[in-house]
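The values are calculated or read from the model by the stated rules, or taken from the named source; none is laboratory data. Nothing here was measured: the structure is a model prediction, and the numbers come from that model. Positions of Cβ are backbone-derived with ideal geometry, glycine not excepted, and every protein chain shown enters the neighbour counts. Heads up: the accessible areas ignore ligands, DNA and RNA and are worked out on the full protein's heavy atoms, side chains in. Shrake-Rupley method; radii C 1.70, N 1.55, O 1.52, S 1.80 Å.
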Amino acid sequence: MPQLEWQKSSFSTGGEGECVEVAISVPPLIHLRESDHPHDTAATTPRALALLLLALKGGGLRT
């Protein structure tokens, strides 16, 4: 697997190291990680991530 190019989210501010980072690979997968734990990653498809974000923004997920 090629080296991923991680980018910090524009919503991650401050210097405490609490940042969400994303990378894209082929086939179209979006990789996510917390900067405090760079070896723990999750991967998803663009569509699945978009649906998750819509649900979060709309309050569709409850604990």
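Counting only protein heavy atoms and a 1.4 Å probe, tell me what percentage of the chain's accessible area is made up of carbon and sulfur. Show your work: numbers first, answer last.
Numbers: 3070 of 5220 Å².
For the chain, the apolar C and S fraction of the accessible surface comes to 59 percent.
Can you give the local net charge around Trp6? Use residues other than it whose beta-carbon is closer than 14 angstrom to its beta-carbon, Lys and Arg +1, Asp and Glu -1. Mind showing how you got there, number by number?
Details: positive: Lys8, Arg33; negative: Glu5, Glu21, Glu34, Asp36, Asp40.
Local net charge: -3.
Express the accessible area of the chain per residue in Å², computed with a 1.4 Å probe while the remaining protein chains stay in the model.
On the way: 5220 Å² over 63 residues.
Accessible surface, normalised per residue, equals 83 Å².
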